[in-house]
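Here the structure comes first, spelled out in C-alpha cells, and everything after it is commentary.
The values are calculated or read from the model by the stated rules, or taken from the named source; none is laboratory data. Since the structure is predicted, the reported quantities are computational estimates derived from the model, not experimental observations. Don't worry about glycine lacking a Cβ; one is built from the backbone with ideal geometry, like all the others, and counts go over all protein chains shown. Accessible surface areas use protein heavy atoms only, side chains included; no ligands, DNA or RNA. Shrake-Rupley method; radii C 1.70, N 1.55, O 1.52, S 1.80 Å.
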Amino acid sequence: MRSHLPLAAVVATLLTAATLSTLVEGVRWFVEVLVTVGAVAAATAAARRLSRHPGVALAAGLVAWLLVLTWLYARAEAWWGVLPTVATTGELIAVAAVGADLVATVAPPAPAEAGIRLLVSAGVGAVVLVVDTVAVGLRQPAVAGLPLLAVYLVPAALAPGGLDWYWFVLAGAGYLVLVAADAGERVGRWGRVLDGDGGGPAPLAATGRRVGALALAGAVVVPTVVPGLGEALHLGSGTGDGPGQGGRISVVNPILDLRENLTAPRDDTVLTYTTTGTPQPLRLVTNDLYDGEQWRPRLEPLPRSDTAAGGLPAPPGLSDEVTAQGQRFRITVQGLESVWLPVPYPTTRVDVMGPWLYDDTLNVLGDGVSTSPGMSYDAFYLEVTPTPEQLLDAPPPPSDVVARWGTPPADLPASVAATAAEVAGEGTPYEQAVRLQQWFRNEGGFRYSLTAPAADSASALADFLAQRAGYCVHFASSMAVMARTLGIPSRVAVGFLPGQRQPDGSYTVSVRDAHAWPELYFAGVGWVRFEPTPSTRTGSLPSWAAPPPSVVADRDPTDLPTSAPPPEQGGASTTAADDAAAAAGTSLTQVLAAVPWRAVSGVLLVLALAGAPLVTSRLVRRSRWRSAARSPDPGAGPEAAWTTLRESAADLGLDADGPLTPRQLGRRLGEHLDDAGRQALDAVVAVVERARYARDGGTAGVASLRRDVRAVERALHAGVGRGVRWRARLLPGSGVAHLRTGLVRAGTAADAAERRLAGRLRALRTRGPRGDGPSAPRAAA
C-alpha cells in the first residue's frame, strides 16, 4: 500500500511555515524554504526505500539539509557548489550570525536578507526532518504537531498585532492533514471499508473530517468572542516583575505598538529620570525609511566596536555656531522591555552595563540584550538650542543627505505633494516647515483622536488628510512625508514625552507618554525636532519651532486648505445642519470604538446558544401548523395538534410518552387541568380520534384546533410550579430534540453528498484512456 504520510508531513510543514510571511518580507525566502523542504523530503523518502530503520532516513535527511543550505547560501566556498568544506562552515556561521543580529534588532516584517533567509530555511528544514521522523518513522503524527506548534508560535508572538485567524486555520489544516493521513493508513491495513450498500467508503472518514473541521472552526471562533483575551500589548500583573510599578510594555516595532500603548488599559510607569538640563523627549528609535505604506528604521549589522559606553560620534550636521550645552539624564527603567535604549538626542555617551551599540542615526540598541526593570544608566547629551535666525539662514543640505532622507516614494499620491506645496508656500525650508507645523497644529482643522485608521495601512496618510483626525503617528508621519515632497530631509522619531514632574524633582514617564515626532534636517544645525501634534497632547512648542512673526505675519490663514474642498460654483455651501451631522457621525464613531465588542460578542453567543432550543421549538411548531393548513389531507391538522400537545406536556415534565391512545393520554393529562382546559382537551381528543378512526376523517379546521391546543397549554402551565413553567418556556425539551434531529439529518445528508461525490470521482478514475468505458481489469498476481 502506498503511504501518503511523507507527503502529508511536507504539506503540514509548509502550511505552518507560511505563517512566517508575517515576519519576513517578499517571497524569495519561501522559495528557498520550498527547495530545502523538498530536498530533505526526497532524501528521507529515498532512504526509507532502502531501509526501514528510522535512523537511516534521519541521516539522509540531515545530509540533504546540509547540502542544500550550502548550495543556497555558501556555494562560493563549497566544492562543486554543493559539498561543504571548512570554509563553507565558517561562511554559513557568519551569515547566520548576521541574520541573528537582524532578528534581535529588526522590526517585523524584516527585510529578506541572506542571514534571515538562512535562519528560516535551516529552521523549517530541520522542522520537516523532525516531523517526518516522528510521524513517518515512529508513526506518532500527533506528537509531530509539537514542532509545528513551535513554528507557529514564533510569528504568533512576534508579528505586529499577532496573527490573523486565517493563519491559524492554515496551520491547523496542515496538522489535520497529517493526522488524517495516518488514521486512514491505520484503518486501511484492515482492508477496504465499505458502506452498507456495498460500495464506496463508509461515512466514518467523512464524519471524522467534519469533526476536525468543526473543531478547527471552534478554535477560531471561540477566542474571538471570549472576553479578556488580550491584544498585542504585554502588560504584566505587577507582581514578581521586579521593582517596577505595575505592568511592562514590550516594544517590538515602535510605530506599530504606539497606538496600543496610548490606549493601554493601565497607565503604568515605564521609566523615571532626573536631568541637569531641560526635560525633553526620550528617543527610542529613528524611523528613516518610508516605502509609501510604513516608516521603519534602517537596520543593518553594526560593528561591535561601536559601543555607546565608549562614546558616540558628533551629531551629524551640527556646527560650532549653534548653542549646545552638555547635560546628563539619569534614567531608571521600571516596566520597559526594548532592544532600543531610550535616550535624549543627540547623545554623546551612555554609561550602561552590557553590549549597547549605536548606529549612524545615534539610535542605541542592544547587542543581544534589552532593557529590564531596575536597570539604571546615565545618558550624556547635548542640549541644542538653535535660533530661528540660524534655521532661516541654513544653507541647502548636502546631496547625500537629500538622497537618503529627502526623496519621497515614487508612488506617493500627487495630491499629497500638491497639498504640501499649497500649505508651505514660498520661502526658506524653515519657513515651509513652520507653516506645515502650524497647519497641522492649529490652522488646518485637525484634531487629536485615537480612533483614526491604523497607522500602517496603505491609505493611512490619505485617510488622515481627508478625515483630519489622528494621533501623533499620523501627524508626525504626514509632516515628514510632506516635508520630503518639498525637498526637506525628514524622518520620524519614536519615544516618550518628557513625562510628569514629581515633588522630589524627578520625572515619571508612563505608557501613555509614548509619542512620535518628525525630525527635519537643516545644514549647520542637524536634525531638528518639530511638533505638529496639537498642544492638547504635546504642550508648548520648542523655542526654535515657535513661528517668529516674520514667518507667519504676512500669511492669511484663510488661504490655507480647509478640512473640506470648497463647494463648486452654484452648489450649496456647508450648512450648520451638515456640521451637526458630521459631529454626530464622529460621536457615533467614538461610541462604537469604545464598545467592548469582544465582551458583547461573547454575551450574544451565550444568549444564542441558550435560546436555540426555544427558537427551534417555536419555528418547528409554526412550520407544522402552516403545513397542516396548506395540506389537502384532512388528518394533517389533528395530527399537528396532537403532536404539539404531546410536546408541550413533555416540556412540562408530564408523562406523555409511550404507546397511548388519544383517549388514554387525554385522561392522563386531564388530571392536571381545570374545567376549561379539560373541555378543550376533550375537543382535541375527539377530533384526533375521528380523523384516525372514522371513515369521513373529520372536518375540524386548523384554526379551531390551534385555539383548543393553546387553551390546553395554558391550563397545563397553570397546574405546575413556577420553576417548571419557566424551564418549559425558556429551555423546552422539544426544542433540544428538534436540534438533535436536525443535526443528525444534516450529517446524514452530508454523508450522502460526499458518497455521491466520491462515486463520481471513482467513475472518472476508472474510465478508459479515452473516457469510453472502464479500464481493463488487472491480472491477478
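A few points about this structure:
- Screening Thr699 against (1) of a type in the set (Val, Ile, Thr); (2) surrounded by 13 or more Cβ atoms within 10 Å (Cβ to Cβ); (3) modelled with pLDDT under 85 leaves a single unmet condition, (2).
- Looking across region 341-368, the residues that are part of a strand (DSSP E or B) and at pLDDT 90 or above come down to Val343, Thr347, Thr348, Arg349, Val350, Asp351, Trp356, Leu357, Tyr358, Val364.
- Among the conditions (1) at pLDDT below 75; (2) among the hydrophobic types (A, V, I, L, M, F, W, C); (3) part of a helix (DSSP H, G or I), Ala572 misses just one, which is (3).
- In region 289-309, of all residues being buried (at least 20 other Cβ atoms within 10 Å of the Cβ) and of a type in the set (A, V, I, L, M), the one that is nearest to Trp517 (Cα to Cα) corresponds to Leu299.
- Close pairs (8 angstrom Cβ cut-off, 6 or more residues apart or separate chains): on the phi > 0 side of the Ramachandran plot in region 638-657, buried (at least 21 other Cβ atoms within 10 Å of the Cβ) and in a helix (DSSP H, G or I) anywhere: Gly653/Ala728
- The residue pairs whose first member lies in region 467-490 and is under 10 Å from Ala433 (Cβ atoms), whose second member is assigned to a strand (DSSP E or B) and open to solvent by 10 Å² or more (accessible area, probe 1.4 Å), and whose beta carbons are closer than 8 Å, counting only pairs six or more residues apart or on different chains, are Ile488/Tyr521; Ser490/Tyr521.
- Meets criteria (among the hydrophobic types (A, V, I, L, M, F, W, C), surrounded by 18 or more Cβ atoms within 10 Å (Cβ to Cβ) and under 45 Å from the mean Cα position of the chain (by Cα)) for Ala728: yes
- Members of region 428-444 that are modelled with pLDDT under 90 and either assigned to a helix (DSSP H, G or I) or open to solvent by 10 Å² or more (accessible area, probe 1.4 Å) (or both): Arg441, Asn442, Glu443
- Boolean, Ala59 is over 18 Å from Gly115 (Cβ atoms), of a type in the set (Gly, Ala, Ser) and open to solvent by less than 40 Å² (accessible area, probe 1.4 Å): no
- Per the conditions (1) open to solvent by less than 70 Å² (accessible area, probe 1.4 Å); (2) not in a helix (DSSP H, G or I), the sole criterion not satisfied by Arg52 is (1).
- Within region 496-518, the residues that satisfy the criterion of being out of contact with any Asp or Glu (no Cβ under 9 Å at 6 or more places or on another chain) and either crowded, with 19+ Cβ neighbours inside 10 Å or among the aromatic types (Phe, Trp, Tyr) (or both) are Tyr507, Val509, His515, Ala516.
- Residue within region 369-379 that is more than 22 Å from Ser506 (Cβ to Cβ) and in a loop (DSSP other than H, G, I, E, B) present: yes
- From the list Pro386, Pro408, Pro397, the one residue that fits, being over 21 Å from Gln325 (Cα atoms) and either at pLDDT 90 or above or among the β-branched types (Val, Ile, Thr) (or both), is Pro397.
- Residues of region 469-495 classified as in a loop (DSSP other than H, G, I, E, B), closer than 23 Å to Pro388 by Cα and open to solvent by less than 10 Å² (accessible area, probe 1.4 Å), total: 2
- Of the residues in region 310-327, at least one is modelled with pLDDT of 90 or more, under 25 Å from Ser510 (Cα atoms) and surrounded by fewer than 18 Cβ atoms within 10 Å (Cβ to Cβ).
- Failed item in (1) of a type outside the set (D, E, K, R); (2) open to solvent by 30 Å² or more (accessible area, probe 1.4 Å); (3) under 29 Å from Asp267 (Cα atoms), with Thr387 passing the rest: (3)
- Extreme residue, most open to solvent (accessible area, probe 1.4 Å), among residues of region 390-402 that are among the aliphatic types (A, V, I, L, M) and farther than 28 Å from Pro342 by Cα: Leu392
- Whichever residue in region 519-539 is within 11 Å of Arg441 (Cβ to Cβ) and out of contact with any Leu (no Cβ under 9 Å at 6 or more places or on another chain) and, among such residues, is most open to solvent (accessible area, probe 1.4 Å): Thr536
- Qualifying residue in region 658-667 (condition: part of a helix (DSSP H, G or I), in contact (Cβ under 8 Å) with a residue 40 or more places away in the chain, open to solvent by 40 Å² or more (accessible area, probe 1.4 Å) and within 23 Å of Gly721 (Cβ to Cβ)): no
- Restricting region 62-91 to residues that are crowded, with 18+ Cβ neighbours inside 10 Å and polar (S, T, N, Q), the residue that is modelled with the lowest pLDDT: Thr88
- Within region 116-135, restricting attention to residues that are over 22 Å from Asp101 (Cα atoms) and free of Cβ contacts under 8 Å to residues at least 60 places away in the same chain, the residue that is nearest to the chain's Cα centre (by Cα) is Val130.
- Scanning region 258-303 for residues that are at pLDDT 85 or above and of a type in the set (Val, Ile, Thr) gives Thr269, Val270, Thr272, Thr274, Thr275, Thr276, Thr278, Val285, Thr286.
- The set of residues from region 417-427 being open to solvent by 30 Å² or more (accessible area, probe 1.4 Å) and β-branched (Val, Ile, Thr) comprises just one member, Thr419.
- With respect to (1) farther than 22 Å from Thr275 by Cβ; (2) over 36 Å from the mean Cα position of the chain (by Cα), the lone exception for Arg304 is condition (2).
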